[in-house]
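A short write-up of the structure that comes next.
The values are calculated or read from the model by the stated rules, or taken from the named source; none is laboratory data. Not measured: the values here are computed from a predicted model. So basically every Cβ, Gly included, is an ideal-geometry build from the backbone, and we count neighbours across all protein chains shown.
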Amino acid sequence: MEKTLNPLDNIRIVLVGTLYTGNVGSSCRAMANMGIRHLRLAAPNLQNSWDEGERLAVHATDIMAAREEFPSLAEAVADSIAVVGTTAREGLYRQHVKSPRELAPEIVSLASQGPVSIVFGREDKGLLNEEIAQCTHLLRIPVSEGYTSINLSQAVLIACYEVFASSGSYVPPHEKAPPAPQAQKAQLVKNWGEMLCEIGFMKSEQTAHFMQGFQRVFSRGVYTKDDAALMLGVARQAMWKARQTTSPGPQL
């Protein structure tokens with residue numbers, strides 16, 4: 001039986017003119033977190049040794065070791081059917097940007113058909129205009145206007161996360177037990193009402209009033225201050241009742 005292609009296998013992270021191996025290593029770790037494993041360096045301009053990169057890659061050193069290096073961006077993306085450039089700068093040819101969340105579904109769709117490169121520029125300058133011109137799509141990460149600079153590996157993580165989330169690769173955990181039927185919920189409310197009367201939390205004539213509050217808690221959980229106060233009151237009364245029951249009687 002032929003194995004179905006995972007679109008994430010067709011994603012290439014391309015770092016252009018990267019200066020620091022630590023950013024490469026941190027990017028590898030971000031990629032590994034999101035199931036993306038193909039790294040390419042285009043015209044790297046590394047200023048330090050790979051020791052820092054290996055240290056920051058943590059358990060993703062295999063991605064770093066398997067990296068491919070190219071003398072130019074054009075050669076790094078030559079086999080891609082789409083090239084997504086990341087940019088924080090404004091400009092005439094940078095106006096058709098989309099956020100990672102907006103663009104991620106299209107990236108996943110394209111990756112199901114062939115290789116897609118997501119390109120990140122230099123730590124100090126980003127992508128140059130001539131490199132932007134080689135991109136088929138542009139991506140900009142929304143940030144506060146007060147501080148727009150994002151570390152390279154953080155940008156890689158954000159972009160990879162949105163692609164990973166859009167790919168449907170993550171299946172969230174779910175409750176093993178089925179939802180409670182209404183009859184069981186009604187029995188719960190009835191038994192709680194009897195128990196609350198038994199421990200002296202309320203009188204039988206107050207049952208209808210108090211149990212409306214407990215039904216709300218049972219249906220949505222402890223959410224408001226009133227909900228928490230109600231449940232704390234039960235706990236205090238139950239502890240008081242337990243102490244009365246277990247305390248020794250008078251000495252004869």
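Taking only the stretch 156-182 into account, find how many residues are part of a loop (DSSP other than H, G, I, E, B) and hydroxyl-bearing (Ser, Thr, Tyr).
2
Out of curiosity, is Ala133 under 21 Å from Ala78 (Cβ atoms), among the hydrophobic types (A, V, I, L, M, F, W, C) and out of contact with any strand residue (DSSP E or B) (no Cβ under 8 Å at 6 or more places or on another chain)? Show your work before the answer.
Values: under 21 Å from Ala78 (Cβ atoms): yes; among the hydrophobic types (A, V, I, L, M, F, W, C): yes; out of contact with any strand residue (DSSP E or B) (no Cβ under 8 Å at 6 or more places or on another chain): yes.
Answer is yes for this residue.
Considering only strands (runs of 3 or more DSSP E) fully contained in the stretch 59-128, which possess at least 1 residues that are touching a residue at least 12 places away in the same chain (Cβ under 8 Å) and surrounded by fewer than 17 Cβ atoms within 10 Å (Cβ to Cβ)?
Values: elements: 68-70, 82-86, 116-120.
In the stretch 59-128, the matching strands (runs of 3 or more DSSP E) lie at 68-70.
Please work out which one of (1) touching a residue at least 60 places away in the same chain (Cβ under 8 Å); (2) outside any loop (DSSP other than H, G, I, E, B); (3) under 23 Å from Ser112 (Cα atoms) is the condition Arg29 fails and give its number.
In the conditions (1) touching a residue at least 60 places away in the same chain (Cβ under 8 Å); (2) outside any loop (DSSP other than H, G, I, E, B); (3) under 23 Å from Ser112 (Cα atoms), Arg29 misses (3) alone.
Scan the stretch 162-190 for residues that are of a type in the set (Asp, Glu) and either surrounded by 12 or more Cβ atoms within 10 Å (Cβ to Cβ) or within 20 Å of Ala228 (Cα to Cα) (or both) and jot them down. Can you show your working first?
Of the residues in the stretch 162-190, the ones of a type in the set (Asp, Glu) are 162, 175.
Of everything in the stretch 162-190, just one residue is of a type in the set (Asp, Glu) and either surrounded by 12 or more Cβ atoms within 10 Å (Cβ to Cβ) or within 20 Å of Ala228 (Cα to Cα) (or both), namely Glu162.
Restricting the search to the stretch 191-214, which residues are surrounded by 16 or more Cβ atoms within 10 Å (Cβ to Cβ) and in contact (Cβ under 8 Å) with a residue 12 or more places away in the chain? Give the derivation first.
Within the stretch 191-214, the subset surrounded by 16 or more Cβ atoms within 10 Å (Cβ to Cβ) is 192-193, 196-197, 199, 201-202, 207, 210-211, 214.
Of everything in the stretch 191-214, those that are surrounded by 16 or more Cβ atoms within 10 Å (Cβ to Cβ) and in contact (Cβ under 8 Å) with a residue 12 or more places away in the chain turn out to be Trp192, Gly193, Leu196, Ile199, Phe201, Thr207, Phe210, Met211, Phe214.
Which of the residues belonging to the stretch 183-222 are β-branched (Val, Ile, Thr) and part of a helix (DSSP H, G or I)?
The answer is Val189, Thr207, Val217.
Would you confirm whether or not the stretch 135-147 contains a residue that is part of a loop (DSSP other than H, G, I, E, B), in the same structural domain as His96 (by TED's automatic domain parsing), of a type outside the set (Ser, Thr, Tyr) and in contact with a Gly (Cβ under 9 Å, 6 or more places away or on another chain)? Explain how you work it out, then say what you get.
Here is the first cut: in the stretch 135-147, the residues part of a loop (DSSP other than H, G, I, E, B) are 135-136, 140-147.
Checking the rest, the ones that are also in the same structural domain as His96 (by TED's automatic domain parsing) come to 135-136, 140-147.
Checking which are of a type outside the set (Ser, Thr, Tyr) leaves us with 135, 140-143, 145-146.
If we keep only those that are in contact with a Gly (Cβ under 9 Å, 6 or more places away or on another chain) as well, we get 135.
Yes; the residues of the stretch 135-147 include at least one that is part of a loop (DSSP other than H, G, I, E, B), in the same structural domain as His96 (by TED's automatic domain parsing), of a type outside the set (Ser, Thr, Tyr) and in contact with a Gly (Cβ under 9 Å, 6 or more places away or on another chain).
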